[in-house]
Amino acid sequence: MVTDALHHLALGTVDVERLARFYRELFDLKECARHLDEQGALRSIWLELGSAYLMIERTQSPPRRVESVEAGLFLMAFRVSVAERLRLEAALEARGQRVEARTAFTSYSRDLDGNRIALSHYPVAAEAE
């Protein structure tokens with residue numbers, strides 16, 4: 001096997017600080033690096049995501065709203081416990097990010113740019129949904 005781990009996921013956004021703050025606060029992720037461009041402006045923020053990183057990088061492109069299974073990255077699913085799922089659902093709702101769908105294992109919502117995110121405890125089913 002050439003590799004057995006994911007190094008990082010990268011999200012583009014027009015507001016790096018805002019989107020990084022969302023993930024930092026919601027999932028209690030530690031910021032591990034900030035990178036500046038040649039003019040000294042913020043280019044990216046790297047957050048620790050278990051054994052990998054979540055890189056939030058500046059782009060001029062507007063957000064792309066994915067509605068279902070589409071080409072390219074269409075969902076980021078975060079592994080959580082059953083109890084964390086309920087807490088995180090409440091935290092999302094408090095931020096104005098409604099939970100769009102639920103299954104026995106997973107809740108689906110969006111980040112501030114409209115990227116689809118999921119909170120999943122598969123294969124441990126929740127009690128009664």
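From the list Arg18, Arg24, the one residue that fits, being free of Cβ contacts under 8 Å to residues at least 40 places away in the same chain, not aromatic (Phe, Trp, Tyr) and not assigned by TED's automatic domain parsing to the domain that holds Arg87, is Arg24.
Being in a strand (DSSP E or B), outside the structural domain of Ala101 (by TED's automatic domain parsing), touching a residue at least 60 places away in the same chain (Cβ under 8 Å) and closer than 20 Å to Leu92 by Cα is a property that holds for Leu11.
For the range 1-23, filtered to residues that are exposed (fewer than 11 other Cβ atoms within 10 Å of the Cβ) and not hydroxyl-bearing (Ser, Thr, Tyr), the residue that is modelled with the lowest pLDDT is Met1. The combined condition, being modelled with pLDDT of 95 or more and not basic (Lys, Arg), is not fulfilled by Gln60.
Does Gly40 satisfy the condition of being among the small types (Gly, Ala, Ser) and in contact with a Lys or Arg (Cβ under 9 Å, 6 or more places away or on another chain)? No. Of the residues making up the range 39-63, those that are more than 15 Å from Leu9 (Cα to Cα), without any contact (Cβ under 8 Å) to a residue 24 or more places away in the chain and of a type outside the set (Gly, Ala, Ser) number 1. Considering only residues in the range 93-121 that are surrounded by fewer than 18 Cβ atoms within 10 Å (Cβ to Cβ) and in contact with a helix residue (DSSP H, G or I) (Cβ under 6 Å, 6 or more places away or on another chain), the one that is modelled with the lowest pLDDT turns out to be Leu112.
Would a scan of the range 38-49 turn up a residue that is over 16 Å from Arg110 (Cα atoms), under 12 Å from the mean Cα position of the chain (by Cα), modelled with pLDDT of 95 or more and not assigned by TED's automatic domain parsing to the domain that holds Arg95? So far as the range 38-49 goes, yes, one or more of its residues are over 16 Å from Arg110 (Cα atoms), under 12 Å from the mean Cα position of the chain (by Cα), modelled with pLDDT of 95 or more and not assigned by TED's automatic domain parsing to the domain that holds Arg95. Just to verify a result, which residue in the range 21-62, among those that are among the hydroxyl-bearing types (Ser, Thr, Tyr), outside any helix (DSSP H, G or I) and touching a strand residue (DSSP E or B) at 6+ places or on another chain (Cβ under 8 Å), is nearest to Phe78 (Cα to Cα)? Only one residue tops the list, namely Tyr53.
Is it fair to say Leu92 is under 16 Å from Phe27 (Cα atoms) and in contact (Cβ under 8 Å) with a residue 60 or more places away in the chain? In short, yes. Taken over the range 33-92, the criterion of being of a type in the set (S, T, N, Q) and surrounded by 11 or more Cβ atoms within 10 Å (Cβ to Cβ) is satisfied by Ser44, Thr59, Ser81. In this structure, Glu93 does not qualify as assigned to a loop (DSSP other than H, G, I, E, B), within 16 Å of Arg110 (Cβ to Cβ) and among the acidic types (Asp, Glu).
The values are calculated or read from the model by the stated rules, or taken from the named source; none is laboratory data. For clarity, every value in this text was computed on a predicted model and none was experimentally measured. Counting neighbours? That spans all protein chains shown, and the Cβs are built from the backbone with ideal geometry, glycine included.
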